[in-house]
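Below is one structure, written out as structure tokens, with a few remarks after it.
The values are calculated or read from the model by the stated rules, or taken from the named source; none is laboratory data. Just so it is clear, the model here is predicted, and its values are computed rather than measured. Glycine also receives a Cβ, built like all others from the backbone with ideal geometry; neighbour counts cover every protein chain displayed. In case anyone asks, the SASA skips ligands and DNA or RNA and just uses the protein heavy atoms, side chains included. Shrake-Rupley method; radii C 1.70, N 1.55, O 1.52, S 1.80 Å.
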Amino acid sequence: VLLRPEILSSVPTLGDHILVYQRRMAHPVLFRHLRGLDRPVIVYGLGSRPGDGNITFREIDELGFVRDLASCHCLMTSAGNQLVGEALY
């Protein structure tokens, strides 16, 4: 995994939110389950949309994403090796 400078310079903290990264589209059942969680959920990769209960949708923003990744409680993703490696780091 190639770690971007933004990842290397991030200071991890344990936040309360769940970070979700999906590309293109996500099954509607996913959102039903995410709404049932007792934590804030931040979704990247599906574009800007109105919020849905505890779910906030964000446009792709590299620095914002890295900040949210470094402070998330956990990550849910359908992405590949790069993001998983960054999360483990």
* Output the residue which, of all residues in the range 66-85 that are at pLDDT 95 or above and touching a Gly at 6+ places or on another chain (Cβ under 9 Å), is nearest to VAL11 (Cα to Cα). => ALA70
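Looking only at the range 27-86, which residues are β-branched (Val, Ile, Thr) and surrounded by fewer than 12 Cβ atoms within 10 Å (Cβ to Cβ)? Even if it seems obvious, please write down each step before you answer.
Pass one, the range 27-86, residues β-branched (Val, Ile, Thr): 29, 41-43, 55-56, 60, 66, 77, 84.
Within the range 27-86, just VAL29 meets the criteria.
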* Subset of the range 1-26 (residues that are part of a helix (DSSP H, G or I), open to solvent by 20 Å² or more (accessible area, probe 1.4 Å) and of a type outside the set (D, E, K, R)) -> PRO5, LEU8
* Asked: Somewhere in the range 48-56, is a residue touching a residue at least 12 places away in the same chain (Cβ under 8 Å), over 24 Å from ASN81 (Cβ atoms) and not in a strand (DSSP E or B)?
  -> yes
* **Members of the range 22-43 found to be within 12 Å of THR56 (Cα to Cα) and at pLDDT below 95, listed by number** => PHE31
* Can THR13 be described as under 25 Å from TYR89 (Cβ atoms) and more than 14 Å from the chain's Cα centre (by Cα)? -> yes
* To do: Please name all residue pairs, on different chains or six or more residues apart, with Cβ atoms under 9 Å, provided the first residue is in the range 76-89 and is of a type in the set (Ser, Thr, Tyr) and the second residue is in a loop (DSSP other than H, G, I, E, B) and open to solvent by 50 Å² or more (accessible area, probe 1.4 Å).
  => SER78/ARG23; TYR89/VAL1; TYR89/LEU3; TYR89/PRO12
